[in-house]
Amino acid sequence: MLIEALRVVAAAAAVQVAWLDKYGVPPDEIALDFDDAVGLAGQLVEDGQLGREVLSSLQMIDEVFNEMTQDSNVDRWTREALSTDAGWAHARQLAREVLTAQGEQPTPLPDICVIR
């Protein structure tokens, strides 16, 4: 679940927009999925499924999204912001670093089930 969430965060902005459009969800879904999954990081390290060295990068991604949430500028949560906002770019770079450190190869973004 965490790796899938990281794949979405790490994807190029155009790929993220296509993914959002495919499922009809807003950009904050990317951050929400990551938030749901990052809570498992400690357990994944204990189980040997995640390297301890990536924990700080995961925490930084979480901090970036938290800062974006606290910012009153709602423009940060638009499809356009995915390609223009520095926070999205920073989170994307950190996610790519984590995936590389974990030896993950690029794959298509995961399918999701949207319950309305």
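The values are calculated or read from the model by the stated rules, or taken from the named source; none is laboratory data. Remember, it's a predicted structure, so these values are computed and weren't measured experimentally. Calculation scope for accessible area: heavy atoms of the full protein, side chains included, ligands and nucleic acids excluded. Shrake-Rupley method; radii C 1.70, N 1.55, O 1.52, S 1.80 Å.
Which three numbers, in whole Å and largest first, are the semi-axes of the equivalent ellipsoid of region 67-108 derived from its Cα gyration tensor as √(5λ)?
Each semi-axis is the square root of five times an eigenvalue, giving 25, 11, 7 Å.
How much length, in nm to one decimal, is gained on full extension between GLN93 and ASP47, taken as 0.36 nm per residue of separation minus their Cα-Cα distance?
14.0 nm
On a full-extension model of 0.36 nm per residue, what is the gain between ASN66 and ALA18, subtracting their alpha-carbon distance, rounded to one decimal in nm? Please report the intermediate quantities before stating the final value.
On the way: separation 48, 0.36 × 48 = 17.28 nm, distance 2.40 nm.
Fully extending the segment from ASN66 to ALA18 adds 14.9 nm.
Ignoring any ligand, DNA or RNA, what whole percent of the accessible area of the chain comes from carbon and sulfur when the probe is 1.4 angstrom? Please report the intermediate quantities before stating the final value.
Working: 3360 of 6590 Å².
Ligands and nucleic acids excluded, carbon and sulfur reach 51 percent.
Under the √(5λ) rule applied to the eigenvalues of the Cα gyration tensor, what semi-axes describe the equivalent ellipsoid of the chain? Give them in Å, descending.
22, 16, 13
Calculate, for region 22-116, the solvent-accessible area per residue in square angstrom, rolling a 1.4 angstrom probe over the heavy atoms of the protein chains.
Per-residue accessible area for region 22-116 comes out at 61 Å².
Subtract the Cα-Cα distance of ALA101 and SER83 from 0.36 nm times their separation in residues, and report this length gain in nm to one decimal.
Here the answer is 4.1 nm.
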